[in-house]
Amino acid sequence: MNKDKLIELLNLDLKLEYSAAIQYIQHSAVMTGAQYGDVIKEIKVHVTEEIQHALILADQIDFLGGTPAYEIGPIHVSSENVEMLEQDLAGEEDAISRYKTRIDQAEELKEFALAHQLRTILSVEQEHAMDLMQALGR
């Protein structure tokens, strides 16, 4: 692991934060049914938190000497509420896994402030996963 590789991986994370925010926006707009009212409100909160993660990552990438990405990752859509929640949960589980790895990589390079920021993001991603699992009845 070197700083350039870490910047590359952080830019992947950044692209996926962009796509997570867009996916959540789309899902919150098309999800229907009275039983999903509170879920929709929570998903809208997730949007702002994903954008905050993107801002943190962009600042960290710039600090490390890289250029923050402006492309987005894949966006998953569905016309079925449960499938949307499953898509969102899969994205959160992927993010949790990536951020655990990224924390180790940052610490390997002695980028402890970055690792701290990534832990903060990881904590929120875990909260998102818990919210989605609860919405799915798990």
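Bear in mind that the values in this text are calculations on the coordinates, not laboratory data. Nothing here was measured: the structure is a model prediction, and the numbers come from that model. Quick reminder, even Gly has a Cβ in these numbers, built from the backbone with ideal geometry, and neighbours come from all protein chains shown.
For the range 97-116, how many residues meet the condition of being surrounded by fewer than 17 Cβ atoms within 10 Å (Cβ to Cβ) and either among the hydroxyl-bearing types (S, T, Y) or over 18 Å from Q60 (Cβ atoms) (or both)?
The qualifying residues number 2.
Out of curiosity, is I96 within 13 Å of D13 (Cβ to Cβ) and under 14 Å from the mean Cα position of the chain (by Cα)?
Against the criterion (within 13 Å of D13 (Cβ to Cβ) and under 14 Å from the mean Cα position of the chain (by Cα)), I96 qualifies.
Pairs, please: C-beta under 7 Å, at least 6 apart or cross-chain, first residue under 13 Å from H53 (Cα atoms) and in the range 99-124, second assigned to a helix (DSSP H, G or I) and polar (S, T, N, Q)?
What qualifies is L114/Q60; Q117/Q60.
Take the range 10-48 and flag every residue that is within 17 Å of I103 (Cβ to Cβ) and surrounded by fewer than 17 Cβ atoms within 10 Å (Cβ to Cβ).
Result: L12, single match.
Out of G73, G37, I need the residue that is farther than 20 Å from T120 by Cβ and in a loop (DSSP other than H, G, I, E, B). Which one?
G73
Being within 26 Å of M1 (Cβ to Cβ), among the charged types (D, E, K, R), more than 19 Å from the chain's Cα centre (by Cα) and assigned to a helix (DSSP H, G or I), is that true of even one residue in the range 103-113?
Within the range 103-113, one or more residues are within 26 Å of M1 (Cβ to Cβ), among the charged types (D, E, K, R), more than 19 Å from the chain's Cα centre (by Cα) and assigned to a helix (DSSP H, G or I).
Just name the residue that is farthest from the chain's Cα centre (by Cα) out of those in the range 22-32 that are touching a residue at least 24 places away in the same chain (Cβ under 8 Å) and farther than 13 Å from E71 by Cα.
T32
Considering only residues that are buried (at least 16 other Cβ atoms within 10 Å of the Cβ) and of a type in the set (A, V, I, L, M, F, W, C), which ones fall in the range 55-81?
Answer for the range 55-81, where residues must be buried (at least 16 other Cβ atoms within 10 Å of the Cβ) and of a type in the set (A, V, I, L, M, F, W, C): I56, L57, A58, I61, L64, A69, I72, I75.
Here is a check on your reading of the model: is A58 part of a helix (DSSP H, G or I), touching a Pro at 6+ places or on another chain (Cβ under 8 Å) and among the small types (G, A, S)?
yes
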